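Taking it in order: structure first as C-alpha coordinates, then the write-up.
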Amino acid sequence: MKINYKIISIILAVVCIICIILANRAPKEKIVYKETYTQQTAVNEAYLNQIAYSKTCQLCSGKGYVACKTCLGTGKDYDMIQYCNGSITIFEYNCYTCDGIGYRKCPKCNGVGMLSYTNRDVLNK
Ligand SMILES: [Zn+2]
Ligand SMILES: [Zn+2]
(Lines give C-alpha, C1' and ligand atoms only; values in the text may rest on other atoms or scores of the structure.)
(Ligands and ions follow the chains in the order given, each with its own letter.)
Protein backbone atom coordinates (compact mmCIF):
# COMPACT_ATOMS: atom_id res chain seq x y z
CA MET A 1 0.00 0.00 0.00
CA LYS A 2 2.89 2.37 0.75
CA ILE A 3 4.15 1.90 -2.86
CA ASN A 4 0.74 2.99 -4.15
CA TYR A 5 1.00 6.29 -2.22
CA LYS A 6 4.40 6.91 -3.81
CA ILE A 7 2.90 6.31 -7.26
CA ILE A 8 0.03 8.69 -6.44
CA SER A 9 2.45 11.39 -5.29
CA ILE A 10 4.47 10.97 -8.50
CA ILE A 11 1.27 11.27 -10.54
CA LEU A 12 0.32 14.42 -8.58
CA ALA A 13 3.78 15.85 -9.26
CA VAL A 14 3.39 15.14 -12.98
CA VAL A 15 -0.07 16.76 -12.97
CA CYS A 16 1.44 19.79 -11.22
CA ILE A 17 4.15 20.05 -13.89
CA ILE A 18 1.51 19.80 -16.63
CA CYS A 19 -0.47 22.54 -14.83
CA ILE A 20 2.59 24.78 -14.74
CA ILE A 21 3.24 24.14 -18.45
CA LEU A 22 -0.39 24.95 -19.26
CA ALA A 23 -0.23 28.08 -17.10
CA ASN A 24 2.85 29.24 -18.96
CA ARG A 25 0.99 28.76 -22.24
CA ALA A 26 -1.65 31.29 -21.22
CA PRO A 27 0.05 34.30 -22.89
CA LYS A 28 -0.01 32.42 -26.22
CA GLU A 29 -3.79 32.20 -25.93
CA LYS A 30 -3.82 35.99 -25.67
CA ILE A 31 -1.96 36.17 -28.98
CA VAL A 32 -4.64 33.96 -30.53
CA TYR A 33 -7.24 36.45 -29.26
CA LYS A 34 -5.24 39.30 -30.80
CA GLU A 35 -5.19 37.51 -34.17
CA THR A 36 -8.95 37.09 -34.00
CA TYR A 37 -9.26 40.80 -33.28
CA THR A 38 -7.04 41.64 -36.26
CA GLN A 39 -9.15 39.41 -38.50
CA GLN A 40 -12.26 41.21 -37.31
CA THR A 41 -10.60 44.54 -38.01
CA ALA A 42 -9.67 43.35 -41.50
CA VAL A 43 -13.28 42.33 -42.11
CA ASN A 44 -14.42 45.80 -41.02
CA GLU A 45 -11.78 47.35 -43.29
CA ALA A 46 -13.06 45.28 -46.22
CA TYR A 47 -16.63 46.41 -45.45
CA LEU A 48 -15.57 50.06 -45.26
CA ASN A 49 -13.78 49.78 -48.61
CA GLN A 50 -16.85 48.26 -50.30
CA ILE A 51 -18.52 50.59 -52.79
CA ALA A 52 -21.83 51.76 -51.37
CA TYR A 53 -23.05 53.60 -54.48
CA SER A 54 -21.86 55.23 -57.68
CA LYS A 55 -23.12 58.30 -59.45
CA THR A 56 -22.38 60.10 -62.70
CA CYS A 57 -19.45 62.52 -62.53
CA GLN A 58 -20.89 66.04 -62.71
CA LEU A 59 -17.67 67.63 -63.99
CA CYS A 60 -17.58 65.61 -67.23
CA SER A 61 -21.27 64.54 -67.28
CA GLY A 62 -20.20 60.89 -67.31
CA LYS A 63 -18.05 61.22 -70.45
CA GLY A 64 -14.78 60.70 -68.57
CA TYR A 65 -13.08 63.62 -70.33
CA VAL A 66 -13.29 67.40 -70.22
CA ALA A 67 -12.43 70.08 -72.77
CA CYS A 68 -8.88 71.35 -72.39
CA LYS A 69 -8.87 74.68 -70.59
CA THR A 70 -5.79 75.96 -72.42
CA CYS A 71 -7.12 75.51 -75.96
CA LEU A 72 -10.86 75.34 -75.06
CA GLY A 73 -11.23 72.01 -76.85
CA THR A 74 -9.71 73.06 -80.17
CA GLY A 75 -6.40 71.22 -79.66
CA LYS A 76 -4.60 74.25 -81.14
CA ASP A 77 -2.82 77.08 -79.50
CA TYR A 78 -1.47 80.22 -81.10
CA ASP A 79 1.51 82.42 -80.59
CA MET A 80 2.26 85.75 -82.21
CA ILE A 81 5.49 87.50 -83.07
CA GLN A 82 5.44 91.19 -83.95
CA TYR A 83 8.43 92.48 -85.90
CA CYS A 84 9.94 95.98 -85.80
CA ASN A 85 8.47 96.83 -89.23
CA GLY A 86 4.96 96.15 -87.87
CA SER A 87 4.37 92.81 -89.57
CA ILE A 88 2.87 90.07 -87.46
CA THR A 89 3.45 86.34 -87.79
CA ILE A 90 1.03 84.00 -86.07
CA PHE A 91 2.20 80.51 -85.19
CA GLU A 92 -0.25 77.71 -84.77
CA TYR A 93 0.88 74.74 -82.76
CA ASN A 94 -0.59 71.76 -81.01
CA CYS A 95 -1.72 72.59 -77.48
CA TYR A 96 0.96 71.56 -75.02
CA THR A 97 -1.52 70.81 -72.27
CA CYS A 98 -3.56 68.21 -74.20
CA ASP A 99 -1.04 67.32 -76.96
CA GLY A 100 -3.41 68.67 -79.62
CA ILE A 101 -6.27 66.36 -78.65
CA GLY A 102 -8.47 69.18 -77.28
CA TYR A 103 -9.70 67.04 -74.40
CA ARG A 104 -8.19 65.84 -71.20
CA LYS A 105 -8.97 62.99 -68.89
CA CYS A 106 -11.47 64.21 -66.30
CA PRO A 107 -9.47 65.04 -63.16
CA LYS A 108 -12.42 64.38 -60.85
CA CYS A 109 -13.34 60.85 -61.91
CA ASN A 110 -9.96 60.02 -63.49
CA GLY A 111 -11.59 59.21 -66.83
CA VAL A 112 -14.11 56.73 -65.44
CA GLY A 113 -17.18 58.99 -65.86
CA MET A 114 -18.58 57.71 -62.58
CA LEU A 115 -17.76 58.58 -58.98
CA SER A 116 -17.88 55.70 -56.54
CA TYR A 117 -18.44 56.12 -52.82
CA THR A 118 -17.40 53.48 -50.31
CA ASN A 119 -19.16 52.65 -47.05
CA ARG A 120 -16.40 54.67 -45.33
CA ASP A 121 -17.34 57.77 -47.35
CA VAL A 122 -20.99 57.30 -46.38
CA LEU A 123 -20.13 56.92 -42.68
CA ASN A 124 -17.78 59.91 -42.72
CA LYS A 125 -20.43 62.19 -44.22
ZN1 LIG B 1 -5.44 71.76 -75.11
ZN1 LIG C 1 -15.49 63.08 -64.61
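Structure above, values below:
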item	result
Residues being exposed (fewer than 11 other Cβ atoms within 10 Å of the Cβ) and either within 16 Å of ligand 1 (Cβ to nearest atom) or part of a loop (DSSP other than H, G, I, E, B) (or both) - total across the range 108-125	1
Condition check for Tyr93: in contact with a Lys or Arg (Cβ under 8 Å, 6 or more places away or on another chain), assigned to a strand (DSSP E or B), away from ligand 2 (no atom under 15 Å from the Cβ) and not polar (S, T, N, Q)	yes
Which listed residue, of Glu45, Glu35, is modelled with pLDDT of 80 or more and charged (D, E, K, R)	Glu45
Conditions (1) part of a helix (DSSP H, G or I); (2) of a type in the set (S, T, N, Q); (3) surrounded by 13 or more Cβ atoms within 10 Å (Cβ to Cβ); number of the one not met by Thr74	(1)
Flag for Asp99 being away from ligand 2 (no atom under 16 Å from the Cβ) and in contact with a Phe, Trp or Tyr (Cβ under 7 Å, 6 or more places away or on another chain)	no
Members of the range 65-101 that are at positive phi and either in contact (Cβ under 8 Å) with a residue 40 or more places away in the chain or in contact with a strand residue (DSSP E or B) (Cβ under 6 Å, 6 or more places away or on another chain) (or both)	Gly73, Gly100
Candidate set from the range 50-97 (those that are in contact with an Asp or Glu (Cβ under 9 Å, 6 or more places away or on another chain), of a type in the set (A, V, I, L, M, F, W, C) and within 16 Å of ligand 1 (Cβ to nearest atom)); member that is farthest from Arg120 (Cα to Cα)	Phe91
Single residue of Lys69, Lys63, Lys55 found to be assigned to a strand (DSSP E or B), basic (Lys, Arg) and either at pLDDT 90 or above or within 16 Å of ligand 2 (Cβ to nearest atom) (or both)	Lys55
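The values are calculated or read from the model by the stated rules, or taken from the named source; none is laboratory data. Treat the numbers as computed from the prediction; the structure is a model and nothing was measured. All Cβ positions, even for glycine, are placed from backbone atoms using ideal geometry, and neighbour counts span all protein chains on display.
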